[in-house]
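The values are calculated or read from the model by the stated rules, or taken from the named source; none is laboratory data. It should be emphasised that the depicted structure is a prediction, and the values quoted were computed from it without experimental measurement. So basically every Cβ, Gly included, is an ideal-geometry build from the backbone, and we count neighbours across all protein chains shown. In case anyone asks, the SASA skips ligands and DNA or RNA and just uses the protein heavy atoms, side chains included. Shrake-Rupley method; radii C 1.70, N 1.55, O 1.52, S 1.80 Å.
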Amino acid sequence: MNISLNWIKEYVDLEGVDIKDLLNRFTLSTAEIEEVIELGSEINDTVVGKVLKVAPHPESKKLKIVEVDIGKEVIISVCGAPNVKEGILIPFTKAGGSNKTIPEVKKTKLAGKESNGVCCSASEIGISEDHSGLLIIDEDVEIGMDINKIWGIRDTIIEIDNKSLTHRPDLWGHYGIAREISALTGRELKKLNLYDSTSQDLKKVAIRVLDKEKCYRYSGVTIDNINVKVSPIEMQIRLYYCGMRPISLLVDLTNYIMLELGQPMHAFDKNLIDEIVVKSTIEKKKFVTLDGIEREMPKDTLMICDSQKELAIAGIMGGKFSEVEDDTNSILLECANFDATSIRKSSTNIGLRTEASARFEKSLDPELTILAIQRFIKLLIDIDKNATVSSDLTDVYTKKYDPVKITITKSYIEKYMGQSIEENKIVKILESLWFNVKKEDKNFVIDVPSFRATKDISIKADIIEEIARIYGYDNIIPKATEIILEPLKYNEERNNEHKIKELLAENHGFSEVHTHIWEDNSLNVKMGIGKLKGLKIVNSTSEDNEFLRQSMIPKMLSFADVNRKNFDSFKIFEIGSVFPFDESNQKYNEIKTLSILIASKKVSEDDLFYKAKGIINHILSIIKNGFPKYYALNIEKLNYSWINRVKGSEIKLNNENLGYISVLHPMIKDRIDKKLNIAFVELNMDKFNNINFNEVIYSDPSKYPDVDLDLSLIVDKNVLYEKIYNDLNSFENELLNECKFVDVYSGKGVDENKKSMTFRFTLGSSYKTLSSEEIDDFQNSLIKYADDKGYKLRRT
């Protein structure tokens, strides 16, 4: 954003102020200044000249010989401008002087005739891009007067980084910047000259606000008998220097007010509309904007309309068919305040961002609307004496921000500033920023001005920041903070996640992946999963990504689909968020989840399933000192298309359902890769973290050696592992210390409806070394016990 220092000086007297130091303080306290540009310094010996005589050039049809009176002398110049004529006043650069396009004007000959100076266009004196003809001066000025003294062409332009003003809607205009500079310099801020809009018993403008959620305030007035069409040159210069193109008086005035107060406004041709209706579209509509482009207005876009047609996109841009033309002499002037979020949303959806929308997105002060209208009328009447206000100022105020009042103590301010500061200094700083401050006992009771209360100031910390930045951060003496040091609080959730990642990566050779939290339905359809729905994302950029995921497995399968082309086997995992629907309270919840996927073209599905199971057992034993139990899947609850309903189990620990383990459904497996076997796990980390660590019971290790005895038992395929494990652990013998599952085998040498399960039995005594007879007796007893339970010893 460009700020003119000449403009600022209208509100704050900067005589004697070191500008370089001021701009440095502004950067430190308020916003970053990206660049300082000096304009007009190259315009020298350029004065007001009067064209006395215009004669044809004897050797050129385009050129003319002109005599120009510059006060003290009459100068002959050769000029090619099409609008040169006798009697006009123009800028004239004398020989030896300079302007924007000619670093040094010299006496020269053009087509054989001597020229002793240059008749200038607006472009040549640097106040416009227009070089189509001479700049004709309509003002009553003295011939020979330096044009820098007439218009203030020499100016310092300050370019402020817009990003540093995002939270400060009050600084998007020159008057707001001047208010800051007033506080920094301690100089008085001059009041704006305003039109007295007291009711004049005139007819009111017909204004109806139908969408009160998006339009907070809408003010309007009509003005007739406008005859002046062109803005004063000084106004044009300021607009041009601040990056806006001068167009016509009425349009320039609206832009001028926006740059001055930060409040956008719009002028409609009064003769083209019958009333103002503020409402949102109920369906998509086509609309032609001021730039002549037909745009599609999405549903729920706030529009300014009359009884029959749309006039403007609220807060963004006016319409082509109600714009002010050269022959317009009556206007309806509107100034409004809109919901910042709705303007941002509409601007994004339409793909149109303007100077107006950029300001409305910052949550402007609703109190500005009347002020801006009063300022507009005052400037217009000063320029066009015959212009008349033809209606009462109509003001529809639908939503007011709640006043912000903050109570704070001097000790609280000093504690967080780290600096002792006098009470009167605190009050002076806050009042210089237009805060109202009252002292009640030890408290400062502070009323926040409306232009700081819409988005910026809301808590005590904001008040401390205001005091500190104006006081000067560089004036605060650094010192060590006195604080009580406490040990870092243990975060069990974070620690558990770290342990799981470490176990999977280091002990089991997994690679961690990171996926988006939304579904990719194009990939889901490709893999045969189908389109998945869930919690819908507002303003999603793609229909394929508009729902948040309820499971992590589809994204893990998409990784498998990519990796299968380069690897015969791989293991991946991720800890992330899913958003399943909770039937109990009828809403979506965010749940932290661990997902594991093992894939191989060489290992069978069954073996992958048991590998995944072993990994879960390892994780739970290490982190929770517990051994999970596995139950048949509840298909009604876990109705996922990728789950194999035959080969899958729910995982429980301490009677808490943590998740499930399964292999891939055959149909989806065929779509991805028929040769690639896949097993996967999903664990609810929120439930995992809530499970208490099972107490570790220690016993003194025996000084005598243990003996490991492995037995492979033939069992029916449909017998659950849990039953076998519980049966074997129920075998009572004083020598048995531990029973562990080792492996499962089915294939050659084992009947088709049978499976071979290997368990390791650890034997030992605290009193002696076991003899071979005792080991044999234990083995025989165990084999007989297993045989009684229906488990036959596998003999090779």
Potential lengthening between S641 and E492 on full extension [0.36 nm per residue; Cα-Cα distance subtracted]: 50.2 nm
For segment 333-373, size of Cβ-based charge dipole, Lys and Arg +1, Asp and Glu -1, in debye: 240 debye
Over the chain: helical MRE at 222 nm, DSSP H runs n ≥ 4 each giving -39500 (n - 2.57), nearest 500: -7500 deg cm²/dmol
Segment 458-534: trypsin sites (Lys or Arg not before Pro) in DSSP loop, at most 13 other beta carbons within 10 Å: K479, K489, K531, K533
Degrees between helix 605-623 axis and first principal axis of the chain (Cα, 0 to 90, nearest 10): 80 degrees
Distance between segment 470-527 and segment 266-295 - C-alpha centres, whole angstrom: 49 Å
HN-Hα J in Hz across segment 342-348 - Karplus 6.51, -1.76, 1.60, θ = phi - 60°, x for Gly and Pro: 5, 5, 4, 5, 5, 4, 5
Label assignment, Cα extents along the principal axes in Å derived from the structure, set (1) 135, 68, 62; (2) 86, 61, 56; (3) 100, 79, 51: (1)
Sequence-separation-based contact order of segment 160-276, relative, with Cα cut under 8 Å and 6+ spacing, percent: 31 percent
Order by protection proxy (mean Cβ within 10 Å, highest first), peptides 598-611, 304-317, 712-725: 304-317, 598-611, 712-725
The chain: relative contact order in percent, alpha carbon pairs under 8 Å with at least 6 residues between: 8 percent
Whole-angstrom gap from segment 574-589 to segment 19-35, using each part's C-alpha centre: 49 Å
Global form of segment 138-208, assessed from the alpha-carbon gyration tensor, a/c cut-off 1.5: oblate
Share antiparallel - DSSP beta bridges, the chain, percent rounded to 5: 95 percent
Options N654, V230, C79, ranked by Cα towards positive dipole end of the chain, top entry (Cβ charges): N654
Segment 677-796: C-alpha gyration tensor shape, a/c 1.5 cut-off, then a/b vs b/c: oblate
Förster radius 25 Å - calculated FRET efficiency between L202 and S307, Cβ distance, rounded to 0.05: 0.75
Average accessible surface area per residue within the chain, 1.4 Å rolling probe, Å²: 52 Å²
Cα gyration tensor shape of segment 1-43, rounded if a/c is under 1.5, else prolate or oblate by comparing a/b with b/c: oblate
Radius 13 Å from Cβ of T301, net charge of other residues (Lys, Arg +1; Asp, Glu -1): +3
Residue-count net charge about K723 - beta-carbon cut-off 12 Å; Lys, Arg +1, Asp, Glu -1: -1
Net dipole in debye of the chain [+1 Lys, Arg Cβ; -1 Asp, Glu Cβ; about Cα centre; nearest 20]: 1720 debye
Sequence-separation-based contact order of segment 230-326, relative, with Cα cut under 8 Å and 6+ spacing, percent: 22 percent
Degrees between helix 19-29 axis and first principal axis of the chain (Cα, 0 to 90, nearest 10): 30 degrees
Under the Karplus curve 6.51 cos²θ - 1.76 cosθ + 1.60, θ = phi - 60°, whole-Hz ³J(HN,Hα) for segment 232-249, x wherever Gly or Pro sits: x, 4, 4, 5, 4, 4, 5, 4, 5, 4, 8, x, 10, 8, x, 10, 7, 4
Inter-site label distance for N726 and I483 at 7 Å from Cα along Cβ, in nm: 5.4 nm
Hz values of 3J(HN,Hα) by residue in segment 767-775 - Karplus curve (6.51, -1.76, 1.60), Gly and Pro given as x: 10, 7, 7, 5, 8, 5, 5, 5, 5
